[in-house]
Amino acid sequence: MSRRGDWVYENNGGTCVAIAGADYCVIAADTRLSVGYSILTRDHSKICELADKCVLASSGFQGDIKALHKNLAARELLYQHQHNKRMSCPAMAQLLSNTLYYKRFFPYYAFNVLGGLDSEGKGCVFTYDAVGSYERTGYSAQGTGSTLIMPVLDNQLKSPSPLLLPARDAVTPLSETEAIDLVKDVFASATERDIYTGDKLEIVVVNKAGTRREYIDLRKD
Amino acid sequence: MEEQKWDQSMGGFNAASRSQMAEAAAGGEESQRTLYPYVTGTSVIALKYKDGVIMACDTGASYGSTLRYKSVERIKAVGKHSLIGGSGEFSDFQEILRYLDELTLSDHMWDDGNSLGPKEIHSYLTRVMYNRRNKFDPLWNALILGGVKMGPKGAEKYLGMVNMIGTHFEENHIATGFGNHLAIPILRAEWREDMTFEEAVKLVEKCLLVLLYRDRSSINKFQVAKITTEGATIYPPYSLKTFWGFSHFENPAQGAVGSW
């Protein structure tokens, strides 16, 4: 049964993950673009570097994702012109939330994970739903493979309960290399069972030295 | 399952009829929108080769299940550096050609020594398609934009696709419609960097033949076009040789009387 509003959206698949550390943040996403049961391309980035310490990864409908990334990048440029500095990650987090909610009644079909360093240089991850509801966490996964990955991250990164007083940081004590290895492992696992995740993994690491990128091959089936 | 959750969260949004939505969006006027396609072109395929980009498709346009028009040119040159191929609603493709005419005209009138390359045109088309989708008034097409332009590192080849809701990407070989299912597997197996023109045409013809056999809306009349640093060439239409002499077709009832 095809419904009348069906054609406006499609799910192009894919998974995004981010993990925050004491002084780094790892943001990763696969590079497969799908439509239905077809793969359109194996080499499409879902990651956008919005500011020098702020990286956004989104999965969902690619048309909306690209428009959202363009919108935010333009707003960041305006911010630079007006404030003579780049946007901080928490500031971009709020802007993203507002941008998403602005289209509350015709949403951006984008499931976002924002990662980077906050104003103190500590790793931060913000996770969103399609209409802008967000939360700062120590780690997150979004997209078609998120249900496969989140439980593993919960187990491996042992997040403290938000009910504890004084509040404990959810940021992982793992080192940068250990976090990257964990990301590679969870993507390899998600690729096995999620048909929309695979081909290649793009990893972006943000730390005080700057930003670097890595590519890892994933299963192509 | 995600689709259902998504639709539920949208509430009554999908229940409204398209024309009602269109009327509401237009402030109460009668709907003028493409609600579903009428005259459609089928697959277009394209690939990068040594000197540029090659693009091919058949010259048919169907009206539902009728093969209504048999001499339709669905690949056109755009500016000095690009080719556009379109499948889907043919009148929307003609509208897009009008938009591109305006774009290339103002580009030419700047007279500043610059000209729009394939990357720029692809970006423009992506914005047009996405913004029409946002107004619930889509151009019901899947477009392939290919070209080659001289850049700082020499001749830079470009090949990209946009569909009716604005999904877009770049690749070494692209197909629309049925081509995604029938031609892309062949291209993924046999495409190589730096193919000669003859090799590229052979590969394209292999794909077109499969589409001819298996896509009911394709016809045996094709056009191949190429774009290089020297410009665009759209070759005159021609047919491919088909083979129907399979033993199964000869005595169909042999294996099982009364069935294929």
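The values are calculated or read from the model by the stated rules, or taken from the named source; none is laboratory data. In this text, all values refer to a predicted model and were calculated from it rather than measured experimentally. All Cβ positions, glycine included, derive from the backbone under ideal geometry; neighbour counts span all protein chains shown. The protein model used for the area step is the full one, side chains on, heavy atoms only, and it has no ligands, DNA or RNA in it. Shrake-Rupley method; radii C 1.70, N 1.55, O 1.52, S 1.80 Å.
Entry remark, region B:147-156: residues being surrounded by fewer than 20 Cβ atoms within 10 Å (Cβ to Cβ) and either in contact (Cβ under 8 Å) with a residue 60 or more places away in the chain or assigned to a strand (DSSP E or B) (or both) number 5 in total.
Considering region A:183-221, and only residues there that are in a helix (DSSP H, G or I) and open to solvent by 20 Å² or more (accessible area, probe 1.4 Å), the residue that is nearest to A:Lys122 (Cα to Cα) turns out to be A:Lys184. Answer yes if at least one residue in region B:201-213 is touching a residue at least 60 places away in the same chain (Cβ under 8 Å), outside any loop (DSSP other than H, G, I, E, B) and among the β-branched types (Val, Ile, Thr), and no otherwise. Looking for residues that are touching a residue at least 60 places away in the same chain (Cβ under 8 Å), outside any loop (DSSP other than H, G, I, E, B) and among the β-branched types (Val, Ile, Thr), one finds at least one in region B:201-213, hence yes. Evaluation of B:Val128 against the conditions (1) within 14 Å of chain A (Cβ to nearest Cβ); (2) touching a Gly at 6+ places or on another chain (Cβ under 8 Å); (3) open to solvent by 10 Å² or more (accessible area, probe 1.4 Å) shows that the sole unmet condition is (2). Does B:Leu139 fit the bill of being within 14 Å of another protein chain (Cβ to nearest Cβ) and touching a strand residue (DSSP E or B) at 6+ places or on another chain (Cβ under 8 Å)? So B:Leu139 passes the test. Looking only at residues that are in contact (Cβ under 8 Å) with a residue 12 or more places away in the chain and assigned to a strand (DSSP E or B) in region A:129-154, which one is nearest to A:Tyr101 (Cα to Cα)? The residue in question is A:Tyr134.
Residues that are within 18 Å of the chain's Cα centre (by Cα), surrounded by fewer than 21 Cβ atoms within 10 Å (Cβ to Cβ) and modelled with pLDDT under 95: does region A:73-85 have at least one? No, because not a single residue in region A:73-85 is within 18 Å of the chain's Cα centre (by Cα), surrounded by fewer than 21 Cβ atoms within 10 Å (Cβ to Cβ) and modelled with pLDDT under 95. Among the residues of region B:161-202, those that are surrounded by fewer than 23 Cβ atoms within 10 Å (Cβ to Cβ), more than 10 Å from every other protein chain (Cβ to nearest Cβ), more than 19 Å from B:Ser218 (Cβ to Cβ) and of a type outside the set (Phe, Trp, Tyr) comprise B:Ala189, B:Glu190, B:Arg192, B:Glu193, B:Asp194, B:Met195, B:Thr196, B:Glu198, B:Glu199. Count of region B:73-108 residues, restricted to those that are farther than 22 Å from B:Tyr36 by Cα and assigned to a helix (DSSP H, G or I), is 9.
Pairs, please: C-beta under 8 Å, at least 6 apart or cross-chain, first residue under 19 Å from A:Arg213 (Cβ atoms) and in region A:162-189, second open to solvent by 50 Å² or more (accessible area, probe 1.4 Å) and polar (S, T, N, Q)? Sorted first by the residue in region A:162-189, then by its partner, the pairs are A:Leu182/A:Gln156.
Quick check on A:Gly63: is it assigned to a helix (DSSP H, G or I), within 14 Å of chain B (Cβ to nearest Cβ) and open to solvent by less than 10 Å² (accessible area, probe 1.4 Å)? The answer is yes for A:Gly63. Residues in region A:14-43 that are among the charged types (D, E, K, R), part of a loop (DSSP other than H, G, I, E, B) and either open to solvent by less than 10 Å² (accessible area, probe 1.4 Å) or out of contact with any Gly (no Cβ under 9 Å at 6 or more places or on another chain) (or both): 2 in all.
Condition check for A:Asp199 on (1) farther than 12 Å from A:Tyr24 by Cβ; (2) more than 14 Å from chain B (Cβ to nearest Cβ): one failure, at (2).
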